[in-house]
1. If you line up the long axis of helix 122-137 against the longest principal axis of the chain, both from Cα atoms, how many degrees apart are they, to the nearest 10?
2. How would you classify the range 80-161 from its alpha-carbon gyration tensor, with a ≥ b ≥ c the square roots of the eigenvalues: rounded for a/c under 1.5, else prolate if a/b is greater than b/c, otherwise oblate?
3. Please compute P(r) over all alpha-carbon pairs of the range 226-291, binned at 5 Å starting from zero, and give each bin as a whole-number percent.
4. Do you know the relative contact order of the chain, to the nearest whole percent, from alpha carbon pairs under 8 angstrom that are 6+ apart?
5. Whose amide H sits under 5 Å from the amide H of residue 149, counting only residues 5 or more places off or on another chain, with H placed in the peptide plane?
6. Could you order 96, 25 so the one with the most accessible surface comes first? Probe is 1.4 Å.
7. Estimate the FRET efficiency between residue 286 and residue 88 by the formula 1/(1 + (r/R0)^6), using the beta-carbon distance for r and 45 Å for R0, to the nearest 0.05.
8. Is the C-alpha gyration tensor of the range 147-291 telling us rounded, prolate or oblate? Criteria: a/c under 1.5 is rounded; beyond that, a/b larger than b/c is prolate, otherwise oblate.
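The values are calculated or read from the model by the stated rules, or taken from the named source; none is laboratory data. Owing to the predicted nature of the structure, the values given are computational and were not obtained by experimental measurement. When we count neighbours, we look across all protein chains shown, and the Cβ atoms used for this are built from the backbone with ideal geometry, even at glycine. Ligands, DNA and RNA are excluded from the accessible area calculation, which covers all protein heavy atoms including side chains. Shrake-Rupley method; radii C 1.70, N 1.55, O 1.52, S 1.80 Å.
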Amino acid sequence: MAITGANGYLASLVQRYNADRFEFIRVSRADVDYSKPAEVAKFFSDLDFDLLFHTAANATTADCENDPAGTHLVNCDSAIEIAKVCEERGRRMLFISTEQLFNGKSEPGPFGEDVEPNCVTNYGQQKAEVDAWLQENSSDYVTLRLSWMFGMAMPGVKPSPGIVGNVLKAMRSNTPTKFTVNEKRGMTYAQQLADNFAAICELESGTYHFAAANGSNAGDGMSTYECAKLVARKLGYGEADIERLILPNPDRYADRFRDFRLDASRLEGCGIKLGTFEDNVDRCLADFGWA
C-alpha cells in the first residue's frame, strides 16, 4: 500500500498500528512535489502499489486563503492526478476529505453523506472538488470525510493540534486560552482511524463520514468552548482554574453560527462504531494515563 503524507499525524498512526497487516510504501514531500501535478502523475504512474491511501495535503487555513492557486495545486489538482492513476490501473484510492465541506451551511447538522456540501473556505472547496471528482469518475474509492481529530504524542507520532492537546497546553502552561462559542463540530480520537483502518479498506466503494457524535440533532450537542471545558474537567482540573484558563470566544463566527457536525450512521451500519465525543475523550485519556 502506498501512503502519502507518510510523516504526518494520521499516516504515522495508521502505519504504527497496521504494520503487521500492510506493507507500506511511504511517500513524503521529499519524494514528490505536490505543487507540480504533472510530476505527481508521473511519480505515481511509475510507483508499484496495490492500494493507495492519500493523506498528503496543506490543511493550513491561512495558506489556503492567502495562496488559493498554489494550495489548489497541492490539495486538488495533484490529488485528482493520483486518482486518475488509480482509476487507470484499477487500484483503490482511499482519500481523506473533511468536515469543512459543510462550513457554509445555514441549517444545523449533523449532516449525512447525501447532503449537498456548502463550504466557504478555500480548503473546504479544494477538498470538495476532489470529493466530487471521485464520485463522478472513480469506480473504486473510499472517501473519508473526517471531523477534527485529536490525540497525544508518542514515539514517532506527532499529533496535529486538537481539542485535548489545546486544553492540556492551556492548563499546564497556565495560559488563558479562548475557544469558539459559535461553533458545533465533531471531534474524534485519531486512534479510531488506526484501529479501524483494515475494515475501512474493505468498505464498499463510496463516501463515508468519520466522526464521533456530538449530539444527534439540531437542538443538542456542545459548542467547541463547552467541549474544551469538559476536557479540562476530565483532566482533573477544578472549576476555578477552568473558568480562569478556558475562556469563551464569542467574536469568532459572530456573524453566523457554524454547525458542521457529521452523521456517521452509514459507517456505523458497516460495523465501525465511533461512539460519542465524551467516549473518545475518555479513551484517549485512559490510553495516555490521564484517567
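1. The angle comes out at about 40 degrees.
2. oblate
3. Calculated over all Cα pairs of the range 226-291, the distribution is 3, 13, 17, 17, 17, 17, 10, 5, 1 percent.
4. 20
5. Amide H to amide H, under 5 Å and 5 or more residues apart or across chains, residue 149 pairs with 188.
6. Final ranking, largest accessible area leading: 25, 96.
7. 0.50
8. It is oblate, given that a/c is not under 1.5 and a/b is not larger than b/c.
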